[in-house]
């Protein structure tokens, strides 16, 4: 067994090492606990290559994603696991997730997030053969509250035995709340919720931000064109709203009434399922939405109009002036708040690893048709901020994996073009060159088609994830705005500087968030120790972002918490401004209000951003 993180932890592990259940209490930072495989089961093979699945029976006391590490003689293989918290479950890990590089999906989330009925698996980690396995280990980088993991069974299987809840449910109550946890304000009954909703609505008032009709700063003036545009003024980039007021885009993504969780094969998780009308199918994804059901309880069967009204009032009161990506278009149709459009149909959704077949003979026709369908009806709308072309392509920086995915895929013009290019030499550099040229063709075609069908609005780019090779940044100069999703406690300054140096475009942060473990939900991609610290983290991130002269927008992901039992890909993060019962998180709201009032002065260099950083654990 490896060295323990603390004396207390060592004692706990030593006491449980001889029994059937291993128990790990995670404390400190970055510690790992592992055991030789024969301590799990005497017949557990070292060569896992004949098997397809690792089957675990486990219980995690707190919803905090942990890392499973398999120590092979040739190296460590790892994935991250997020089981439903507080109950014994059987969770199954396909061994291909540990041996093969992730390549199935068209954006980062679909490539790396893989759902199971009782847990979800994130594929960030190392890969390689499993032919000489020595140890099985567990790690959690920044534990909050000393969470405990218990594992009572480990075995290998050639066929998937299926996930299962191994003790009596349910885990979720009729309001969509996690039963095995308590927190201040947890709803005990409908009367309590109705009282809270009434108080919430009465508290909504103007945000006192001196916004113009379109969310710009009313006391500023630049050239007005009737539509949003960008301008660099005295070395500082700004949006300019249709009336000519300087504008900084402060938005939230996925402002939607339907927050769907799958129910098929796991109805035992729920004390009571919502009625059929609260079971939406979105994009072929069936399930149910407790958030929908709570909106019906709040507003009645005709809840759509009141929900739109209250949501837009909330945005105004909290200082948000942009309806972000993947939001309900009924909000945009109200023509009260600027919005963005997520475009589709470029071939990104269907191509291997999000790579469009730009070599297909009908590609130009397909692109033109998609642009016409999405842009023609919007070209005269002054509330439209602009168009996003796509989201988080998963291949930049992983070009060899993407090339392998193309070569292993179906016959296509894309694959034939690649094969012809590699016939003159198959090297890592040539593979990258092909991918960069393919991206350049996509950008040129899509940008021209959008401009043809809508010459009035901004091209907001591709919403890259993490870092991007310089060649991709240079090819993105056709975008009016360079968009980057940036999950961190502060923006990736090197990436912002790279964009400024190479193409000098304004930058919009398309996604960021902070959460805290509890209520059945993990904290998301960036963790804080409690709800108050979420607000601290928001202030630090946003204010310090707008200190940079290139950054013109920050969009939070997302408006409502993800379901505690997981969305379509398993994610179940505590990352909302409102919870499943449609009640705001006051600590986060108050922090956002305070920050949004200061952004124009910070971006102009008249005020300094806050310096207090959030506690992570």
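Observations
- Selection within region 573-590 - within 14 Å of residue 314 (Cα to Cα) and over 17 Å from the mean Cα position of the chain (by Cα): 582, 583, 584, 585, 586, 588, 589, 590
- With respect to (1) touching a helix residue (DSSP H, G or I) at 6+ places or on another chain (Cβ under 8 Å); (2) in the same structural domain as residue 363 (by TED's automatic domain parsing); (3) touching a residue at least 60 places away in the same chain (Cβ under 8 Å); (4) crowded, with 18+ Cβ neighbours inside 10 Å, the lone exception for residue 438 is condition (2).
- Considering region 400-435, and only residues there that are part of a loop (DSSP other than H, G, I, E, B) and out of contact with any helix residue (DSSP H, G or I) (no Cβ under 6 Å at 6 or more places or on another chain), the residue that is farthest from residue 101 (Cα to Cα) turns out to be 424.
- Residue match in region 521-528 (condition: buried (at least 24 other Cβ atoms within 10 Å of the Cβ), within 21 Å of residue 319 (Cα to Cα) and either under 12 Å from the mean Cα position of the chain (by Cα) or without any contact (Cβ under 8 Å) to a residue 40 or more places away in the chain (or both)): no
- When residue 491 is tested against (1) assigned to a loop (DSSP other than H, G, I, E, B); (2) without any contact (Cβ under 8 Å) to a residue 40 or more places away in the chain, only condition (2) is not met.
- One residue stands out among those in region 35-76 that are in contact with a helix residue (DSSP H, G or I) (Cβ under 7 Å, 6 or more places away or on another chain) and more than 30 Å from residue 527 (Cβ to Cβ): the one that is surrounded by the fewest Cβ atoms within 10 Å (Cβ to Cβ), which is 46.
- Sole exception among (1) surrounded by fewer than 19 Cβ atoms within 10 Å (Cβ to Cβ); (2) under 23 Å from residue 611 (Cβ atoms) for residue 514, by number: (1)
- Output for region 436-470, where each listed residue is under 21 Å from residue 508 (Cβ atoms), in a helix (DSSP H, G or I) and under 26 Å from the mean Cα position of the chain (by Cα): 439, 442, 443, 446, 447, 470
- Helices (runs of 4 or more DSSP H) enclosed by region 273-340 - at least 3 residues per element that are in contact with a helix residue (DSSP H, G or I) (Cβ under 6 Å, 6 or more places away or on another chain), closer than 23 Å to residue 585 by Cβ and at pLDDT 95 or above: 290-299, 304-318
- Meets criteria (surrounded by fewer than 17 Cβ atoms within 10 Å (Cβ to Cβ) and at pLDDT 95 or above) for residue 361: yes
- Any hit, region 385-399, residues being more than 16 Å from residue 111 (Cα to Cα), outside any helix (DSSP H, G or I) and over 23 Å from the mean Cα position of the chain (by Cα): no
- Some residue of region 341-349 being surrounded by fewer than 21 Cβ atoms within 10 Å (Cβ to Cβ), out of contact with any strand residue (DSSP E or B) (no Cβ under 9 Å at 6 or more places or on another chain) and at pLDDT 95 or above: yes
- From 176, 207, 145, residue being in a loop (DSSP other than H, G, I, E, B), at pLDDT below 95 and under 30 Å from residue 312 (Cβ atoms): 207
The values are calculated or read from the model by the stated rules, or taken from the named source; none is laboratory data. The structure displayed is predicted, hence computed values, not measured ones. Neighbour counts run over all protein chains shown; Cβ positions are idealised from the backbone, glycine included.
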